[in-house]
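To keep things clear, I will list the structure first and then write my remarks on it.
No lab work stands behind these numbers, since they all come straight from the coordinates. Just so it is clear, the structure is predicted and the values come from calculations on it, not from any experiment. We place every Cβ from the backbone using ideal geometry, glycine too, and count neighbours over all the protein chains shown.
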Amino acid sequence: MGQLMRAEKLIKKMLNRTELQGVILDWDETITDRDSLDLIFRIAFRVKPEFPYKLNHFVGIYKDRFRDYVDHEVKGSECEARDTVKKEIQYQRGMKPVELSSVYEARRLGLFKGISREKFVNYEQTLGQNSDQLLPLKPGVVEFLKMLYRKVPITILSVNWTSLMMKQRLKEFGFEEDKEWLHFLVNELVFDEHGMSTGNNTGEEEDIRTGYDKMMKTRQIVKDCPNGKHFVYFGDSSTDVLAMIETGKAVALGTGARDQLKRMGFKVEGPEEEKNMHDLSEEAAYIFAKDFTIVAS
Ligand SMILES: [Mg+2]
């Protein structure tokens, strides 16, 4: 229990508001308790029950392309070990065509074309389930966001395909999108003047698909901040680690992020790290926590 309090103290120090310029958070499995990329598909299939392809088609395209990438570009290459930042950058950059394979397939087949914006915004109604079932949140995250909302700029940085459900979910707790305080950097569906999806996605050079893209977006956020460089990044997976290294201070809310940081030689501390319990450093830059209760208490 003492170590838990100590990790809590360290995170609080990291979030010291007099120095803090902003927090950047991943969405899926960081703010939410489960990956929610399938929601956009479920909405499309609900609106178009006659659509000839199901989710497994798009997952299959992705998996094939990923296997191809690993077999032909990663195995035996310099980046295979992913044990330095340079190698991880190379690995993540190579993931871009993999991530885009299913995006392009959805566009090619017109999966989202002609679906109204409202179907995504009112996702509970479209899918006939409530938001707690569809987008369960990590324990403590609402309290954590309340602590910072309109005091520190919050950016949601996600490789998800739309922010529409995220914005709707956060609105339930009074968190409204706002250029200054709550900003979403997420790929978006494009809608026409009647609010119907064109089936396309927002600009390709702007899109956020890989850990490398997240790193570049994070670099821009830090660069655009005139008052200093103290940002804290929250993420769960290996897609988040390059962005974590970019801010230099981060909370890993999943073993994927934790293990990738460790593989690259970074020290990750926290209450779950029993081996390190006795030497939690006052200067800890990367902390592992299973949810936000440790920060929001
Ligand atoms: Mg995630």
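Which residue fluctuates the most in the chain, going by a Gaussian network model with Cα springs under 10 Å, if the choices are ALA81, ALA257, ALA243?
Checking each option, the largest mean-square fluctuation is seen for ALA81.
Report ³J(HN,Hα) in whole Hz for each residue of the range 83-90, in order, from the Karplus equation J = 6.51 cos²θ - 1.76 cosθ + 1.60 where θ = phi - 60°; Gly and Pro get x.
Values per residue, Gly and Pro as x: 9, 9, 4, 4, 5, 5, 4, 4 Hz.
Between ILE208 and residues 5 or more places away or on another chain, which pairs have amide H atoms under 5 Å apart, with H built 1.01 Å from N, and which residues are they?
Placed amide hydrogens put ASN187 under 5 Å from ILE208.
Listed here are the pairs LYS13/LYS171; LYS179/LYS223; LYS12/LYS87; LYS9/LYS267; LYS96/LYS267; which of them are more than 23 Å apart at the Cα?
Beyond 23 Å: LYS13/LYS171; LYS12/LYS87; LYS96/LYS267.
How would you rank 49-55, 210-216, highest first, on the average number of other Cβ atoms within 10 Å across their residues? Don't skip to the answer; put the middle values down first.
Working: 49-55: 10.4, 210-216: 22.9.
Per-residue mean Cβ counts within 10 Å order the peptides as 210-216, 49-55.
Mind listing the phi-derived Karplus ³J(HN,Hα) values for the range 258-267, rounded to whole Hz, using 6.51, -1.76 and 1.60 with θ = phi - 60°, and x for any glycine or proline?
These are the phi-based 3J(HN,Hα) values: 4, 5, 5, 4, 5, 4, 8, x, 8, 7 Hz.
Can you give the direction-averaged projected area of the convex hull of the alpha-carbon atoms in the chain, in nm²?
Details: hull surface 64.3 nm².
If you wrap the Cα atoms of the chain in a convex hull and average its projections, you get 16.1 nm².
Give me, ordered by chain and number, the residues 5 or more places off THR32 or on other chains with an amide H under 5 Å from its own placed amide H.
LYS138
Work out the length of the dipole vector of the chain about its Cα centre, built from +1 on the beta-carbon of each Lys and Arg and -1 on the beta-carbon of each Asp and Glu, and round it to the nearest 20 debye.
Working: 45 positive and 49 negative charges, 26 e Å.
Here the chain has a charge dipole of around 120 debye.
Kindly write out, for the range 288-296 in residue order, the coupling ³J(HN,Hα) from the Karplus curve 6.51 cos²θ - 1.76 cosθ + 1.60 (θ = phi - 60°), rounded to whole Hz, with x marking Gly and Pro.
Listing the rounded values in order: 9, 9, 7, 7, 8, 4, 5, 8, 9 Hz.
Once amide H atoms are placed 1.01 Å from N in the peptide plane, what residues at a sequence separation of 5 or more from PHE234, or on another chain, have their amide H within under 5 Å of its amide H?
Amide H neighbours of PHE234, under 5 Å, 5+ apart: ILE24, LEU25, ASP26, VAL251.
Mind ordering 286-292, 138-144 by average Cβ neighbours within 10 Å, highest first? Could the numbers behind the result be given before it?
Values: 286-292: 21.7, 138-144: 19.3.
Packing order, densest peptide first, comes out as 286-292, 138-144.
Roughly how many Å is it from the Cα centre of the range 154-181 to that of the range 212-255, as a whole number?
Value for the Cα centre distance between the two parts: 18 Å.
With each pseudo-label sitting 7 Å past Cα toward Cβ, what's the GLU172-GLN133 distance in nm, one decimal?
Each label point lies 7 Å from its Cα, and together they span 1.2 nm.
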